[in-house]
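Enquirer: My structure is below; once you've seen it, I'll send some questions.
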Amino acid sequence: MVNLKILILGGTSLAKKCVAEIQSPDIDIVYSLAGRTTPRSLPDAEIRIGGFGGFKAMKEYLVAEKIAAVIDATHAFAEEITRNAQQACHDAHLPLLRLEEPAWQETEKDNWIHVGNIFAAKEAVIGVSGKVLVTTGRQAIEEYAQDERCHWLIRIVPTDDDLPVLKRGQYIHDHGPFNVSDERKLIQDLGIEAIISKNAGSAATYAKIEAAQALKIPVIMIDRPAPSGIETVSRPVEVTTWLKAILDQ
């Protein structure tokens, strides 16, 4: 019997948990990363690093590698990757499953200002804060670099890439997961008055939200994109059930 070859589009902690969950003698796993940053650890799978070059090239890869199914476990805001996977799987007639953390839910302890994208978040924080912790990654850093209306504290994973000089602000190079006490200390030590965050839904990055609750500072929350229409689950064990149904066909 030929093994089922699965492609996991990864880059999240949930994706690595998925690899561990679906390990089986009957399944060969290819774990794909965009390659923008160097991960500290990699799951036990065949590793593929680098983009596909669009949905047509992705479809060609799926066919050439005899992929039987695709699991999109990328970040909730990785819209282009998800769109490409959806189109490529449609064209290649392959099953596709989306694995993502449930979105964080606002509580009475929170002071969230909801916005639709990074650019709106930057505008929303003007007048609210002098020092802002930006936790949205590398996207649109150039926009912050030229903006002197706030003091931008941009937290990103360590990188060898050249980053634009911030006219008013600094980079904080650090990896998650973070704990609440460290996040509170960071906020207090640096005098942070607001946080810009994507609604990632990950437990690994929720500590900053809890710290903001405790210190009663606002969070400019970038809401998730509209649902993609792909079948979606939130737990790796559900992926196992989905794959079993494919194996049994």
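The values are calculated or read from the model by the stated rules, or taken from the named source; none is laboratory data. Please read these numbers as outputs of a predicted model, since none were measured by experiment. As a convention, Cβ positions derive from the backbone with ideal geometry for all residues, glycine included, and neighbour counts pool all protein chains shown.
Enquirer: With the condition kept exactly as written, say whether any residue in segment 99-106 is at pLDDT 95 or above, acidic (D, E) and surrounded by fewer than 20 Cβ atoms within 10 Å (Cβ to Cβ).
Expert: Looking through segment 99-106, at least one residue is at pLDDT 95 or above, acidic (D, E) and surrounded by fewer than 20 Cβ atoms within 10 Å (Cβ to Cβ).
Enquirer: Here's a follow-up. Identify, from the list I192, I172, the residue that is β-branched (V, I, T) and assigned to a strand (DSSP E or B).
Expert: I172
Enquirer: Another one. Given the criterion closer than 30 Å to V219 by Cβ and either modelled with pLDDT of 95 or more or surrounded by 14 or more Cβ atoms within 10 Å (Cβ to Cβ) (or both), identify the matching residue among K5, K66, K109, K59.
Expert: So the residue among K5, K66, K109, K59 that is closer than 30 Å to V219 by Cβ and either modelled with pLDDT of 95 or more or surrounded by 14 or more Cβ atoms within 10 Å (Cβ to Cβ) (or both) is K109.
Enquirer: A follow-up question, please. For segment 186-204, which residues satisfy the criterion of being surrounded by 14 or more Cβ atoms within 10 Å (Cβ to Cβ) and not aliphatic (A, V, I, L, M)?
Expert: E193, S197, K198, N199, G201, S202, listed by residue number.
Enquirer: Among the candidates L153, L247, which residue alone is farther than 11 Å from T135 by Cβ and over 15 Å from the mean Cα position of the chain (by Cα)?
Expert: L247
Enquirer: Sticking with this one: Identify the single condition in (1) at pLDDT 95 or above; (2) in contact with an Asp or Glu (Cβ under 8 Å, 6 or more places away or on another chain); (3) in a helix (DSSP H, G or I) that F119 does not satisfy, given that it satisfies every other one.
Expert: (1)
Enquirer: Out of the residues in segment 176-200 meeting the condition of being within 23 Å of A103 (Cβ to Cβ) and of a type in the set (D, E, K, R), tell me which one is nearest to the chain's Cα centre (by Cα).
Expert: K198
Enquirer: Considering only residues that are in contact with a helix residue (DSSP H, G or I) (Cβ under 8 Å, 6 or more places away or on another chain), under 24 Å from K216 (Cα atoms) and either surrounded by 15 or more Cβ atoms within 10 Å (Cβ to Cβ) or among the hydroxyl-bearing types (S, T, Y) (or both), which ones fall in segment 157-185?
Expert: G169, G176, F178, V180, E183, R184
Enquirer: Could you look through segment 145-169, keep only residues that are out of contact with any Gly (no Cβ under 7 Å at 6 or more places or on another chain) and not in a loop (DSSP other than H, G, I, E, B), and pick out the one that is farthest from I192 (Cα to Cα)?
Expert: A145
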